[in-house]
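Peer 1: One structure, pasted below without further comment.
Rule-based calculations on the coordinates, nothing more; no lab input. As the structure is a computational prediction, the values presented were derived from the model and not from experiment. No Cβ is skipped: glycine too gets one built from the backbone with ideal geometry, and neighbour counts run over all protein chains shown.
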Amino acid sequence: MAMESPSHTLVTLLSFVAISHTLLPLACSFPFSPNFPAVFNFGDSNSDTGELSSGLGFRLQPTYGQTYSFKPPSSGRFCDGRLIVDFLMEAIGRPYMRPYLDSVSTQSYRRGCNFAAGGSTIQKANAASISPFGFGAQVSQFITFKSKVLQLIQDDENLEKYLPSEYYFKNGLYMFDIGQNDLAGAFFNSTVDQVFGLIPTILNIFQDGIKRLYAEGARNFWIHNTGPLGCLAQVVSIFGRDKSKLDEFGCVSDHNEAAKHFNLQLHGLLKQLPQQCPDSRFTYVDIFSIKYDLILNHSHYGFDHSIMVCCGTGGPPLNYNNQVNCGSTGKLNGTIVTAGACNDSSKYVNWDGVHYTEAANRFVTLRILSGRYSETPSSLNL
């Protein structure tokens, strides 16, 4: 099969989405390129390749990962198959990212390491947090990882076959997809105005993490904004019972407005960071626009359902307090049921109420690789 060309038409891209099992290596230029010797990723369940599972010792239900056979089989991904980060690694001909806490694996860390963990927030984790591995903890894990790796290589140069050298750390790509859980969690005990007021604090913490990584030698930063939070089935089922809260597409307006506000301030931060971090390169990726377009125009792109979940007891409409989670067994309307997956996940945008399907992740990745949704300081004339 011929190498995919960035100049292909949208029709070709969509046909590729429908029939391909992998993304072919692309001849990309910066901001995303196979020339980066290593990739280091930070985030939440949108890019967790097994960190939370490895760190807390739990296993997701077998329905997770059913679309794609990972090696080892227990991938710990919150998806029926591959994530955006998996498809991005395929695009530059790299192995899938190994979680930092993965203690047993045949895969080396030479090409990078993934610190993203499901449920993580930018704010410091607390007793109510799903994940103890907040953004600050992930940055600290990276600093520890780098220090130990360089010491090991200093003691035995042969370990460079398996571990990243100083060159790899300095010239690697640092990727970020985090913030969704900060906003989602805040809505449970805050008004929309209070959530808006919290955003500067969240982004100040994020900025501090970026500067810590910069002090460690990181120079190439790839930052995803947050997606349309109000279009997640879980959010619609909990906060959309009052139909006046929904927009014309069935999404919760307040949550989407908060996501837009977060992204606007994150975009503004991008303008400041290059001045504060000399010799660095920042890329802002507009995930919100890609996902919102997919949800609004899902049928045009070959999907039958935009908000309805593939795996679980439904939604929307559903009563989330009466829901049985994906792959679990529980009581629904007085009856014991097992919430299995739909027959064809490729027709669904949403997998389990919070996370996207592999088919949707593939679509999003192709849009990212088109370059039309990415901005760098130079493109902003900074």
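Peer 1: Among the aspartates and glutamates, which have Cα under 16 Å from the Cα of K243 when same-chain residues fewer than 8 positions away are ignored?
Peer 2: Reachable aspartates and glutamates: D254.
Peer 1: If you don't mind, another one. Work through the residues other than F169 whose Cβ is under 13 Å from its Cβ and net out their charges, Lys, Arg +1 and Asp, Glu -1.
Peer 2: Net local charge, F169 excluded: +3.
Peer 1: Another question, if that's okay. What number comes out for the charge environment of K146, summing +1 per Lys or Arg and -1 per Asp or Glu over other residues with Cβ under 12 Å away? Please list the in-between numbers first.
Peer 2: Numbers: positive: K148, K170, R212; negative: E166, E216.
Combined, the nearby Lys, Arg, Asp and Glu give +1.
Peer 1: Let me ask something else about it. From the backbone phi of segment 164-178, what are the Karplus-calculated ³J(HN,Hα) couplings (6.51 cos²θ - 1.76 cosθ + 1.60, θ = phi - 60°) in whole Hz, Gly and Pro given as x?
Peer 2: x, 7, 4, 4, 5, 5, 5, 9, x, 9, 10, 10, 9, 8, 7
Peer 1: Show me the ranking of peptides 84-96, 200-212 by mean Cβ neighbours inside 10 Å, starting with the highest.
Peer 2: 84-96, 200-212
Peer 1: How big is the charge dipole of segment 36-165 about its Cα centre, in debye rounded to the nearest 20, if each Lys and Arg gets +1 on its Cβ and each Asp and Glu gets -1 on its Cβ?
Peer 2: 60
Peer 1: Counting alpha carbon pairs within less than 8 Å and at least 6 residues apart, what relative contact order, in whole percent, applies to segment 100-154? Show your work: numbers first, answer last.
Peer 2: Values: 38 pairs, mean separation 13.0, N = 55.
Rounded, it is 24 percent for segment 100-154.
Peer 1: What does the net charge come to around D193 if you take all other residues with beta carbon closer than 12 Å to its beta carbon, with K and R at +1 and D and E at -1?
Peer 2: Computed value for this residue: -2.
Peer 1: Let me ask something else. Taking 18 Å as the cut-off for C-alpha to C-alpha distance, list the pairs among K124/K170; K71/K148; K291/K347; K170/K211; K148/K211 that go past it.
Peer 2: K124/K170; K71/K148; K148/K211
Peer 1: Could you please state, rounded to a whole Å, how far the C-alpha centre of segment 67-128 is from the C-alpha centre of segment 251-295?
Peer 2: So the two Cα centres are separated by 23 Å.
Peer 1: Taking a ≥ b ≥ c as the square roots of the Cα gyration tensor eigenvalues, with a/c under 1.5 meaning rounded and otherwise prolate when a/b beats b/c, else oblate, which class fits segment 115-272?
Peer 2: Working: a/c = 2.73, a/b = 2.38, b/c = 1.15.
Prolate, since a/c reaches 1.5 and a/b exceeds b/c.
Peer 1: Shifting gears a bit: Taking amide H positions as placed 1.01 Å from N in the peptide plane, with prolines and chain starts having none, which residues 5 or more places from N220, or on another chain, fall under 5 Å of its amide H?
Peer 2: For N220, whose amide H was placed from the backbone, the distant partners under 5 Å are Y174, R281.
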